[in-house]
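Taking it in order: structure first as structure tokens, then the write-up.
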Amino acid sequence: MTWRGWGGGKEVRMKFVSELAYWQSVFGGLAQPRIPVTPFLPRRREPPARRLEVPSAWEGIQNILSELIERFHLKTDRCLEFGVEFGFSTVALSSYFNSVVGVDIFCGDIHTVNKQNIYEETADRLSPYTNIELVRSDYRNFIQNEHGLFDLIHVDIVHTFADTFACGLWSAKHSQCTIFHDTESFPQVKQAVVEIARTTGKKFLNFEESFGLGILV
């Protein structure tokens with residue numbers, strides 16, 4: 001859950017623009033057909049083969065990955081994650097996918113407790129998992145140069161409407177299924193997923209536990 005934070009005048013303006021985009025989406029949506037949000041109710045919970053013992057707000061979500069993959073008939077070749085932080089979700093995903101690419105700037109954002117450079121620490125922690133590749137990059141730079149398709153993409157970046165929408169829309173166009181963390185704890189994230197569902201025509205399901213997991217298929 002790490003991404004670029006805000007500290008100076010430029011960053012404050014970016015925050016204002018993002019919040020403005022959020023409210024424009026909220027009020028603009030009142031004049032458009034409502035996007036249904038279907039509860040995702042797991043029929044079973046199964047822990048993955050791999051578990052990283054670090055604190056994570058993702059705790060609990062790892063136990064529904066197996067059913068999510070099965071229910072939506074996902075292939076398990078390529079997975080992409082935006083927002084690695086300490087690597088809990090990355091390792092969980094690596095239990096199911098042949099290849100997991102984790103993209104992060106590894107120095108925190110406005111919504112994270114950690115603001116330190118944790119790249120080396122995280123890379124060392126994840127080094128035993130040979131199917132994980134870490135890329136130190138802002139999501140904007142990454143998506144400019146990546147044109148491949150993925151079976152699943154996980155979006156857990158800075159929780160603004162504008163960033164979630166930009167990263168999530170690209171992800172929805174480049175994956176069979178896109179998941180978004182913190183749909184319950186950040187209204188901006190949930191609204192961004194609503195707009196992506198509206199734009200792409202994909203179905204929006206929401207797992208309400210563990211701070212919320214939006215699922216677009």
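Quick note: the coordinates plus some simple rules give every number you see, no bench work behind them. This is a predicted model, so every value here is computed, not measured. FYI the Cβ positions are ideal-geometry reconstructions off the backbone, even for glycines, and counts take in every protein chain you see.
FRET efficiency for the pair Thr38 and Ser185, taken as 1/(1 + (r/R0)^6) with r the Cβ-Cβ distance and R0 = 25 Å, rounds to 0.80. Multiplying the residue separation of Glu70 and Gln116 by 0.36 nm and removing their Cα-Cα distance gives an extension gain of 12.8 nm. Within the stretch 137-152, which residues have the backbone N less than 19 Å from the label spot 7 Å out from Glu46 along Cα→beta-carbon, could you tell me? Only 152 pass the distance filter.
Ratio of Rg to Rh for the chain, alpha carbon only, Kirkwood? Radius of gyration relative to Kirkwood radius: 0.94. Pairs of lysines in the chain whose Cα atoms sit within less than 22 Å of one another amount to 11, provided the residues are eight or more positions apart or on different chains.
Each part reduced to its alpha carbon centroid, the stretch 170-217 and the stretch 70-91 end up 15 Å apart. If only the Cβ of Lys and Arg carry +1 and only the Cβ of Asp and Glu carry -1, the dipole of the chain around its Cα centre is close to 660 debye. For Val54 and Leu20, the FRET efficiency from 1/(1 + (r/R0)^6), where r spans their Cβ atoms and R0 equals 25 Å, is about 0.10.
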